[in-house]
Each structure stands twice: as C-alpha cells, then as structure tokens.
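Comments concern the structure below.
The values are calculated or read from the model by the stated rules, or taken from the named source; none is laboratory data. Everything quoted here is computed from the prediction, not taken from an experiment. When the accessible area is computed, the model is the full protein with side chains, heavy atoms only, and any ligands, DNA or RNA have been set aside. Shrake-Rupley method; radii C 1.70, N 1.55, O 1.52, S 1.80 Å.
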Amino acid sequence: MRRRIAERGAAAVEFAILLPVVLLIIGGIVDFGRFFFAKIELTNAAREGARAAVVTTGTPTPGPTDRVLAALPGVPAPSIAIAPICSTAGSTATVTVSVSASFDWMVLKPAMNIVGAGAALPATVGGKAAMRCGG
C-alpha cells in the first residue's frame with residue numbers, strides 16, 4: 001500500500017517531461033513538410049518558366065517570368081533569374097531558370113535559437129530547372 005502512494009505522481013511527472021519533446025518532434029515534422037512543399041512548388045515553377053522560355057524566341061513579353069509567378073500563388077516575393085533567353089528558332093543553348101524565396105521556420109527556428117543553433121536552418125528555399133532551346 002505504501003508503494004502505490006509513493007508512486008502516485010510519477011505518471012504526471014513523466015508526462016510533463018516528455019510533452020515538450022513530443023510537441024517539438026511534431027512541430028519539426030510539420031516545418032520540414034512545409035519546407036519540402038515549398039521546394040517542390042518552386043522547382044515546378046522554375047520548370048514552367050523554363051518551358052515558357054524555350055518555346056518562345058526573342059524577347060517574350062509576358063513570357064517566362066509571368067509563367068513562374070502564375071505557378072507560385074502562395075509564395076510572397078519570389079526571386080526569379082532566367083538566363084539566357086532563346087534568341088533564334090534553331091538555337092541549342094540551354095535556358096536555366098532559378099527561383100528562390102525566403103522561408104520562415106515557425107517551430108524549429110525558435111526552438112533551435114534557445115540553444116544557439118538557429119542559424120543552421122536555411123533562410124531561403126529555391127528551385128532550379130534547365131531546358132534546351134527549341135522545346
């Protein structure tokens with residue numbers, strides 16, 4: 001009987017110790033899922049922009065940049081670099097499109113800043129695509 005009285009609050013103490021760890025793991029899973037989703041979204045947008053750049057010749061006026069922006073509806077202020085633009089119809093140059101945006105770690109960065117390791121997480125996420133001119 002004495003033993004049960006002495007162990008009465010053990011479960012509550014164990015729960016209080018493990019709850020922050022479990023919540024940090026779940027938050028990390030969510031943050032990494034958001035990061036990889038953004039990376040996939042930026043890579044697909046870069047692919048769309050590269051495709052738009054290789055099928056048009058000269059200077060495309062709505063062209064690849066608008067195509068990239070249309071593929072990124074939820075990303076605020078992406079940085080887009082397209083080089084080179086296909087100049088002639090028979091060109092065999094390779095168009096490279098790079099798209100990047102800043103990324104905000106909602107759970108992991110504040111948690112890692114507690115131990116001084118917040119700078120280990122990337123502040124930007126990006127995607128890149130390359131295609132040969134002429135489609």
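Please work out if Arg47 is open to solvent by 80 Å² or more (accessible area, probe 1.4 Å) and among the basic types (Lys, Arg). Yes: the conditions hold for Arg47. Residues that are of a type outside the set (S, T, N, Q), open to solvent by 60 Å² or more (accessible area, probe 1.4 Å), modelled with pLDDT of 85 or more and not in a strand (DSSP E or B) within segment 85-135 comprise Asp104, Met106, Lys109, Pro110, Ile114, Val115, Gly116, Ala119, Ala120, Ala123, listed in sequence order. Might you let me know whether segment 51-66 holds any residue that is among the β-branched types (Val, Ile, Thr), open to solvent by less than 70 Å² (accessible area, probe 1.4 Å) and modelled with pLDDT of 90 or more? No, there is no match, as no residue in segment 51-66 is among the β-branched types (Val, Ile, Thr), open to solvent by less than 70 Å² (accessible area, probe 1.4 Å) and modelled with pLDDT of 90 or more.
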